[in-house]
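Heads up, the thing below is written out as structure tokens.
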Amino acid sequence: MDETEVRTGDRIIVFDTTLRDGEQSPGAALNVDEKLEIARMLASMGVEVIEAGFPISSPGDFRAVQRISQEIRDCTVCGLTRARREDIEAAAEALKGAAHPRIQTGLGVSDVHIHHKLRTTREGALKMGVEAVQYAKQYVEDVQYYTEDAGRADPEYLYRVLEAVINAGATVINIPDTTGYTSPEEFGTLIRGIMHNVPNVDKAIVSVHCHNDLGLATANTLAGVRNGARQVEVTVNGIGERAGNASLEEIVMALKTRQDLFNVDVGIDTQRLYPISRLVSHLTSIPVQPNKAIVGSNAFAHSSGIHQDGILKERTTYEIINPRDVGVPDSEIILSARSGRHGLRHRLTELGYTLDDQGFEKVYQRFLKVADKKKTVETRDLEAIVADEAEIFFQETYHLEHVQISCGDHSIPTATVRIEGPDGQIVCDADHGTGPVDAVYRAINRVIGEPNELIEFSIEAITEGIDAVGRVTIRIQAEAPVNGETRTVFSGHGSDNDIVVASAKAYMFALNRLIATRREAQQD
Ligand code: KIV
Ligand code: ZN
């Protein structure tokens, strides 16, 4: 097949790894309920394969794969393993309840990985890979094999590995550009080479998994599709190790918008792209950059006079995608205190939130307070409110009831907090600090006593204007190890018209996450 020859009418399988590679972003740790929430939305939008975690890596990952396997019945649920028996056994156990289980196993194929990471030879690595596939086949029919760092490997060796693992029973062969090193032309040539030189390639699906170290993950993935790959590995908002992975929304919209070029089908409900982007951003506390393609807040904003004039005359002069097609809510519908429960529920559904009655009522009460201070509540305010009601997604252990701060250029910043503890008892305490935020954090620490270090703090205005809601995002590093969990960084966010209160909420969010993770781990 030459570069321009594309198999017509082919279907692209979307393999989402937000819950595995995406969750490897520092501080993005999600709890089991949050992962399930994301998995439900991925399933409802037509994602075919969900990589739910790396079961042997931590009890939390194991439980997440197990729960998602039990509850998400229409998708293939995949668990990652190294090419080791104990990893494969853990994945098989976690996937036991899945309607369509898949084990992804594999190891490095570049010389740098083989010699320095695996400390073996090419032949030794090939043998390990084949044995891993054979072992995984004893548990599940569907086995995906990843050839780590394929982007920097010798293609001739890669072909041999692929032929051997397909013979051993691999149903999908994953070609990762693990380090994001290749250019689109090189990566496309690599996939074309595989299609031509691996004799049994027709017995497996070729998958592409590209990282974004040079900002080329989307371009490389698409080059893979142009050259025969039929599964794309993506994450929502492109989150993932280091600079991240190819993003779900970019790949889907490129394939759909340029159907004339790619000539493939991708069965995703594109109207869910914006809602899932918001959900993942909120749950991981990883903001989406404003100029991010498809889902950034400026993706459909036209600011120059010439562009605005063009858009008013004919939308397609400057827009290749209709924002409604990707689920960006209709900004003409304005929410105010008069919108009532019905109006609010409608907008929340549009944004992709399915809240139970209790969760909805909490959001409604917060919404009324914001609407009282601002005349109109914008979508971004609303998203902040939902994100703030952390309890919707997990049970808070400590609840911040009240914060009082005194500060100024002639006073010692002092904070008093009132916190409800796990047994319902209310504790009040106060402390002073170098600034108001420091004072609040110290006062909270006096009540909760969970040693940690604040490693990141950022603040932004969610909407324009002096009455804007401020949003604080933080990351904390637990001092004590969180039993068996590999992650010790926890993120949190909080929003309020008062930025010190927002800071306190963000800190409580991160602390509650840390405590919940420790508690979950102790239950194992
Ligand atoms: O980037 C990579 O190589 C991976 C594999 C584990 C699939 O994430
Ligand atoms: Zn990866």
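Structure values in brief
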{"read-out": "Condition broken by residue 388, with the remaining ones in (1) buried (at least 19 other Cβ atoms within 10 Å of the Cβ); (2) out of contact with any Gly (no Cβ under 9 Å at 6 or more places or on another chain); (3) at pLDDT below 85 satisfied", "value": "(2)"}
{"read-out": "Any hit, region 17-24, residues being within 25 Å of residue 251 (Cβ to Cβ) and away from ligand 1 (no atom under 16 Å from the Cβ)", "value": "no"}
{"read-out": "Selected residue [outside the structural domain of residue 236 (by TED's automatic domain parsing) and of a type in the set (Val, Ile, Thr)] from 276, 321", "value": "321"}
{"read-out": "Condition check for residue 213: within 16 Å of ligand 2 (Cβ to nearest atom), surrounded by fewer than 20 Cβ atoms within 10 Å (Cβ to Cβ) and charged (D, E, K, R)", "value": "yes"}
{"read-out": "Lone qualifier among 449, 433 - being surrounded by fewer than 18 Cβ atoms within 10 Å (Cβ to Cβ) and at pLDDT 95 or above", "value": "433"}
{"read-out": "Which listed residue is over 22 Å from residue 30 (Cβ atoms), within 16 Å of ligand 1 (Cβ to nearest atom) and not assigned by TED's automatic domain parsing to the domain that holds residue 381, from 206, 225, 236, 266", "value": "206"}
{"read-out": "Residues within region 73-88 that are in contact with a helix residue (DSSP H, G or I) (Cβ under 6 Å, 6 or more places away or on another chain), within 13 Å of ligand 1 (Cβ to nearest atom) and closer than 17 Å to residue 60 by Cβ, tallied", "value": "3"}
{"read-out": "Meets criteria (surrounded by 14 or more Cβ atoms within 10 Å (Cβ to Cβ) and under 25 Å from residue 474 (Cβ atoms)) for residue 273", "value": "no"}
{"read-out": "Output for region 245-300, where each listed residue is closer than 23 Å to residue 220 by Cβ, of a type in the set (Ser, Thr, Tyr) and touching a strand residue (DSSP E or B) at 6+ places or on another chain (Cβ under 8 Å)", "value": "247"}
{"read-out": "Filtered residue count, region 289-325, keeping only those that are surrounded by 15 or more Cβ atoms within 10 Å (Cβ to Cβ) and within 30 Å of residue 459 (Cα to Cα)", "value": "10"}
{"read-out": "Enumerated strands (runs of 3 or more DSSP E) restricted to region 1-95, each holding at least 2 residues that are in contact with a Lys or Arg (Cβ under 9 Å, 6 or more places away or on another chain) and surrounded by 24 or more Cβ atoms within 10 Å (Cβ to Cβ)", "value": "49-53, 76-80"}
{"read-out": "Number of positions in region 89-117 that are within 16 Å of ligand 1 (Cβ to nearest atom) and not basic (Lys, Arg)", "value": "15"}
{"read-out": "Residue satisfying condition, being farther than 20 Å from residue 80 by Cβ and open to solvent by less than 40 Å² (accessible area, probe 1.4 Å), within set 193, 267, 240", "value": "193"}
{"read-out": "Residue check, residue 120 surrounded by 16 or more Cβ atoms within 10 Å (Cβ to Cβ), more than 13 Å from ligand 1 (Cβ to nearest atom) and more than 19 Å from residue 172 (Cα to Cα)", "value": "yes"}
{"read-out": "Which numbered condition residue 375 fails, given (1) in a loop (DSSP other than H, G, I, E, B); (2) open to solvent by less than 20 Å² (accessible area, probe 1.4 Å)", "value": "(2)"}
{"read-out": "Selection status of residue 222, aliphatic (A, V, I, L, M), open to solvent by less than 30 Å² (accessible area, probe 1.4 Å), in contact with a helix residue (DSSP H, G or I) (Cβ under 9 Å, 6 or more places away or on another chain) and more than 23 Å from residue 292 (Cβ to Cβ)", "value": "no"}
{"read-out": "Every residue from region 209-222 that is in a loop (DSSP other than H, G, I, E, B) and within 13 Å of ligand 1 (Cβ to nearest atom)", "value": "212, 213"}
{"read-out": "Residue check, residue 271 free of Cβ contacts under 8 Å to residues at least 24 places away in the same chain, assigned by TED's automatic domain parsing to the domain that holds residue 197 and farther than 24 Å from residue 146 by Cα", "value": "no"}
{"read-out": "Some residue of region 226-237 being part of a strand (DSSP E or B), within 16 Å of ligand 2 (Cβ to nearest atom) and either open to solvent by 10 Å² or more (accessible area, probe 1.4 Å) or hydrophobic (A, V, I, L, M, F, W, C) (or both)", "value": "yes"}
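This table checks each residue for (1) more than 28 Å from residue 251 (Cβ to Cβ); (2) open to solvent by 10 Å² or more (accessible area, probe 1.4 Å); (3) at pLDDT 95 or above.
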{"residue": "138", "(1), (2), (3)": "yes, yes, yes"}
{"residue": "146", "(1), (2), (3)": "no, yes, yes"}
{"residue": "152", "(1), (2), (3)": "no, yes, yes"}
{"residue": "161", "(1), (2), (3)": "no, no, yes"}
{"residue": "167", "(1), (2), (3)": "yes, yes, yes"}
{"residue": "186", "(1), (2), (3)": "no, yes, yes"}
{"residue": "206", "(1), (2), (3)": "no, no, yes"}
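The values are calculated or read from the model by the stated rules, or taken from the named source; none is laboratory data. Given the structure is predicted, the values throughout are model-derived calculations rather than measurements. Ideal geometry is used to build each Cβ from the backbone, glycine not excepted, and the neighbour counts take in all protein chains shown. We work out accessible area using only protein heavy atoms, side chains counted, and drop any ligands, DNA or RNA first. Shrake-Rupley method; radii C 1.70, N 1.55, O 1.52, S 1.80 Å.
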